[in-house]
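A.B. asks: One structure is given below, represented as structure tokens, and several questions about it will come after.
The values are calculated or read from the model by the stated rules, or taken from the named source; none is laboratory data. All figures in this text were calculated on a predicted structure; none of them were measured in a lab. Cβ: placed from backbone, ideal geometry, glycine included. Neighbour counts: every protein chain shown.
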Amino acid sequence: MTDRELRVSKIENGTVIDHIPGGQALNVLAILGIDGTSGEVVSIGMNVPSDRLGRKDVVKVEDRELSQSELDVLSLIAPAATINIIRGYEVAEKHRVERPTEVSGILQCSNHNCISVDDEPITPRFEVLDDGVRCVYCDTIIRDDLPAHILV
Amino acid sequence: MRHDHITSTKQLSRGDIEAILDRASDIAADPSAYADRQEDALLGLLFFEPSTRTKMSFSAAIKRLGGDIVDMGPVDSSSVKKGESLADTVRVVEGYADALVVRHPSEGSAQMASEYVDVPLINAGDGAGQHPTQTLLDLYTIRESAGLDGLTIGIMGDLKYGRTVHSLAQALTNFDASQHFVSPESLKLPRNVRYDLHEEGSSIKEHTDLETILPSLDVLYVTRIQQERFPDESEYRAVAGEYQIDADLLSAAKDDLTVMHPLPRVDEIAYDVDETSHAKYFEQAHNGVPVRMALLDTLLEGEP
């Protein structure tokens with residue numbers, strides 16, 4: 001392996017998210033709220049050959065560990081993802097994402113007439129289905145483009 | 001029935017529904033036996049959008065049980081006008097009443113409101129979401145006229161935004177009912193209702209015109225197609241005309257077909273249908289009182 005490749009692939013401290021479905025890396029960054037303006041050092045591999053997924057994406061973020069709510073949303077678009085927490089260049093922890101039964105406070109309902117998008121003191125909540133999420137208030141089902149509904 | 005609140009027909013089992021309908025039958029047979037059942041009970045009415053039948057029949061129902069209403073009145077003269085949230089409004093009003101009835105233009109409003117109160121809360125219509133008490137009186141009317149099992153029903157009109165349709169379709173999955181959905185392409189059942197019917201194992205039989213299935217129907221449930229659902233008036237007129245019925249068209253139906261409508265109608269049922277034995281929509285509206293009496297009596301006393 002060349003030095004150039006090593007600089008891209010090794011991080012000292014941070015998180016490596018592996019086994020993301022091919023083409024979803026930018027959506028993963030959207031879930032993490034990373035748009036390049038906040039200074040994190042990020043490496044992305046897209047459409048990397050993978051025995052398990054055919055093509056996979058890999059995201060490495062330096063000096064950042066993921067919160068549970070970030071993992072919950074990540075599980076919706078990357079159910080096979082593995083999370084490697086790196087400390088001192090070593091894999092300190094390795095986790096699979098788990099699909100929660102409900103996600104709260106991280107997605108906004110796509111129905112503009114839903115009470116959860118009104119000025120009410122409630123947190124948007126969604127039941128997690130096999131192939132999407134469902135608003136517990138208005139029953140709207142969101143299947144496509146989940147990252148577009150992430151609360152910022 | 002083990003529900004503190006009635007927000008959606010999805011929460012009601014066949015047993016829950018039958019218990020309410022049985023009680024409604026008892027009430028209809030002998031209203032005087034229930035005249036003092038809920039003496040001193042106060043029902044809080046919070047209608048954030050207009051209502052005639054639902055509001056008046058809830059008022060009649062609690063009064064015929066011996067209770068009374070406290071009414072928020074029109075939104076224009078309430079604290080909502082000052083920007084108060086629904087969550088705050090219901091938390092205040094639950095201190096004035098033993099149960100609340102809420103109609104609100106936003107989907108999910110009743111579910112949200114129910115999370116803030118301890119008294120029973122009844123959804124009287126949440127935007128294009130649900131209208132469970134309308135469904136209970138619809139089911140009562142169907143049971144009286146055609147029976148709820150072995151039923152073939154056609155549900156026609158605005159199936160996408162029609163809250164009475166959503167509640168009825170979901171409730172009918174508890175019974176042996178074959179449901180046919182008749183609508184323009186743009187107003188078909190929404191994804192969430194289709195999902196629920198699919199989960200319950202119901203097949204979704206959809207049609208764009210009534211004539212092919214009319215002869216097989218025991219019940220035809222007609223709803224209004226609203227002009228504001230269409231980009232322009234000419235498109236609305238072209239489509240809406242396809243989903244209107246008259247006495248002549250019903251000559252192809254079974255003699256004992258029951259025609260229902262949650263009302264108000266505009267022109268989707270011609271006045272000449274009123275004179276036929278098919279017309280049950282005024283009886284249906286009248287059934288709102290005994291059915292809502294039965295529901296209030298059940299919720300206010302706790303376990304039936």
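A.B. asks: Please go through (1) loosely packed, with under 12 Cβ neighbours inside 10 Å; (2) within 11 Å of another protein chain (Cβ to nearest Cβ) for residue A:67 and return the number of the only condition it doesn't satisfy.
C.D. replies: Condition (2) is where residue A:67 drops out.
A.B. asks: Among (1) loosely packed, with under 13 Cβ neighbours inside 10 Å; (2) in contact with a Ser or Thr (Cβ under 7 Å, 6 or more places away or on another chain), which single condition is residue B:277 missing?
C.D. replies: (2)
A.B. asks: Take the range B:22-43 and flag every residue that is crowded, with 21+ Cβ neighbours inside 10 Å and within 27 Å of residue B:261 (Cα to Cα).
C.D. replies: Those that are crowded, with 21+ Cβ neighbours inside 10 Å and within 27 Å of residue B:261 (Cα to Cα): B:24, B:27, B:43.
A.B. asks: Yes or no: residue A:27 in contact with a Gly (Cβ under 6 Å, 6 or more places away or on another chain) and of a type in the set (S, T, N, Q)?
C.D. replies: No: the conditions fail for residue A:27.
A.B. asks: Can you name the number of the only condition in (1) buried (at least 16 other Cβ atoms within 10 Å of the Cβ); (2) within 14 Å of chain B (Cβ to nearest Cβ); (3) in a loop (DSSP other than H, G, I, E, B) that residue A:100 fails?
C.D. replies: So the condition that residue A:100 fails would be (2).
A.B. asks: For the range A:115-152, give me each residue that is at the interface with chain B (Cβ under 8 Å from one of its Cβ atoms), part of a loop (DSSP other than H, G, I, E, B) and either in contact (Cβ under 8 Å) with a residue 40 or more places away in the chain or of a type in the set (A, V, I, L, M, F, W, C) (or both).
C.D. replies: Once the filter is applied, which keeps residues that are at the interface with chain B (Cβ under 8 Å from one of its Cβ atoms), part of a loop (DSSP other than H, G, I, E, B) and either in contact (Cβ under 8 Å) with a residue 40 or more places away in the chain or of a type in the set (A, V, I, L, M, F, W, C) (or both), the range A:115-152 yields A:122, A:136, A:138.
A.B. asks: If we only count strands (runs of 3 or more DSSP E) wholly inside the range B:112-203, which ones have 3 or more residues that are more than 14 Å from chain A (Cβ to nearest Cβ) and at negative phi? So that I can check it myself, show each step before the final result.
C.D. replies: Numbers: elements: B:121-126, B:151-156, B:177-182.
In the range B:112-203, the matching strands (runs of 3 or more DSSP E) lie at B:151-156, B:177-182.
A.B. asks: Out of the residues in the range A:31-43 meeting the condition of being surrounded by fewer than 16 Cβ atoms within 10 Å (Cβ to Cβ) and among the β-branched types (Val, Ile, Thr), tell me which one is farthest from residue A:10 (Cα to Cα).
C.D. replies: It comes out as A:37.
A.B. asks: If I ask for residues that are in contact with a strand residue (DSSP E or B) (Cβ under 9 Å, 6 or more places away or on another chain) and either at pLDDT 95 or above or in the same structural domain as residue B:264 (by TED's automatic domain parsing) (or both), which ones from the range B:49-63 would you list?
C.D. replies: B:54, B:55, B:58, B:59, B:61, B:62, B:63
A.B. asks: Can you tell me which residue within the range A:104-114, out of those that are more than 11 Å from chain B (Cβ to nearest Cβ) and touching a residue at least 40 places away in the same chain (Cβ under 8 Å), is surrounded by the most Cβ atoms within 10 Å (Cβ to Cβ)?
C.D. replies: Only one residue fits best here, namely A:107.
A.B. asks: Does the range B:238-258 contain any residue that is over 16 Å from residue B:183 (Cβ atoms) and in contact (Cβ under 8 Å) with a residue 60 or more places away in the chain? Show your work before the answer.
C.D. replies: Keep residues of the range B:238-258 that are over 16 Å from residue B:183 (Cβ atoms), which gives B:246-258.
If we keep only those that are in contact (Cβ under 8 Å) with a residue 60 or more places away in the chain as well, we get B:256, B:258.
Yes - at least one qualifying residue is present in the range B:238-258.
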